[in-house]
1. Sorting check: for 23-34, 58-69, which peptide has the highest mean count of neighbouring beta carbons within 10 Å, and how do the rest follow?
2. Quote the accessible area belonging to Ser45 in square angstrom, nearest 10, computed with a 1.4 Å probe and with ligands, DNA and RNA left uncounted.
Amino acid sequence: MGSEFGVLLYHSNVRCLSRGKVLIRVFAMRVDLTLFLREYQHCHSHCFTNSEFILILAYMADIFDALNHLNRQMQGDGVKINEA
């Protein structure tokens, strides 16, 4: 399809850090996902054409990205939460 991503990350029981990356990838691939879901007549194909759904998806991707950034800052030896 000419997408910059060659692989879609599948959902599984992963940590919150990885879920943020999945949301960012889904948001970036929303046009390709819409075409794919329409092609296979999936019941949720209409979601990616709904502007409210896209806004919520973008918001959630941003929130999880910020949480991922905070989580990475807090990791390490001797790092205290008030120093992050």
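The values are calculated or read from the model by the stated rules, or taken from the named source; none is laboratory data. Keep in mind that what you see is a predicted model, and the values were worked out from it rather than measured. Positions of Cβ are generated from backbone atoms using ideal geometry, with glycine treated the same way; all protein chains shown enter the neighbour counts. Accessible surface is based on the protein model in full, side chains and every heavy atom, while ligands, DNA and RNA are left aside. Shrake-Rupley method; radii C 1.70, N 1.55, O 1.52, S 1.80 Å.
1. 23-34, 58-69
2. 20
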